[in-house]
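Asks: Could you have a look at this structure, given as structure tokens, before my questions?
The values are calculated or read from the model by the stated rules, or taken from the named source; none is laboratory data. Not measured: the values here are computed from a predicted model. All Cβ positions, glycine included, derive from the backbone under ideal geometry; neighbour counts span all protein chains shown.
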Amino acid sequence: MEIMHSQVSKSWRMYAGNASQRLACFVEAISSRDKSGALEFLSRGQSLSKKAAKLLQSISNNLVNY
């Protein structure tokens, strides 16, 4: 039981870090002065969003089994 709680807590911390990185990428994209820079930050944010979805699925699965 303690191991499962630890895994869920770790996943939430990873998700929070991911969310922070995504926000930073999207802010940089909005603030970018050129289109290519904006697209690069949007691409990074999109990649992080896919990882975030996987983390949320993992958290959900762990909570169901908790």
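Asks: Do you know which residues across region 10-42 are over 26 Å from Ser60 (Cα atoms) and of a type in the set (A, V, I, L, M)? Lay out the reasoning, then the answer.
Replies: Going residue by residue through region 10-42, those that are over 26 Å from Ser60 (Cα atoms) are 27-42.
Listed by number, the residues that qualify are Val27, Ala29, Ile30, Ala38, Leu39, Leu42.
Asks: Are there any pairs with C-beta distances below 6 angstrom linking a residue in region 28-55 that is in contact (Cβ under 8 Å) with a residue 40 or more places away in the chain to a residue that is surrounded by 13 or more Cβ atoms within 10 Å (Cβ to Cβ) and not hydroxyl-bearing (Ser, Thr, Tyr), with the two at least 6 apart or on different chains, and if so which?
Replies: Leu55/Met14
Asks: If you don't mind, there's one more thing I want to ask. What number of residues within region 36-66 are small (Gly, Ala, Ser) and at pLDDT below 95?
Replies: Quick first cut of region 36-66, residues small (Gly, Ala, Ser) only: 36-38, 43, 45, 47, 49, 52-53, 58, 60.
This time we only want the ones that are at pLDDT below 95, so: 58, 60.
Of the residues in region 36-66, 2 are small (Gly, Ala, Ser) and at pLDDT below 95.
Asks: Could you say whether any residue in region 1-20 is basic (Lys, Arg), at pLDDT 95 or above and part of a loop (DSSP other than H, G, I, E, B)?
Replies: Checking region 1-20: not a single residue is basic (Lys, Arg), at pLDDT 95 or above and part of a loop (DSSP other than H, G, I, E, B).
Asks: Let me ask another. Identify all residues within region 11-27 that are of a type in the set (S, T, N, Q) and either in contact with a Cys (Cβ under 7 Å, 6 or more places away or on another chain) or in contact (Cβ under 8 Å) with a residue 12 or more places away in the chain (or both); write none if there are none.
Replies: Taking region 11-27 first, the residues of a type in the set (S, T, N, Q) are 11, 18, 20-21.
Scanning region 11-27 gives Ser11, Asn18, Gln21.
Asks: Which of the residues spanning region 50-66 are hydroxyl-bearing (Ser, Thr, Tyr) and loosely packed, with under 15 Cβ neighbours inside 10 Å? Please lay out each step first, then the result.
Replies: Of all residues in region 50-66, those hydroxyl-bearing (Ser, Thr, Tyr) come to 58, 60, 66.
Residues satisfying the conditions are Ser60, Tyr66.
Asks: Moving on. Among the numbered criteria (1) loosely packed, with under 14 Cβ neighbours inside 10 Å; (2) assigned to a helix (DSSP H, G or I); (3) modelled with pLDDT of 95 or more, which single criterion is violated by Arg33?
Replies: (2)
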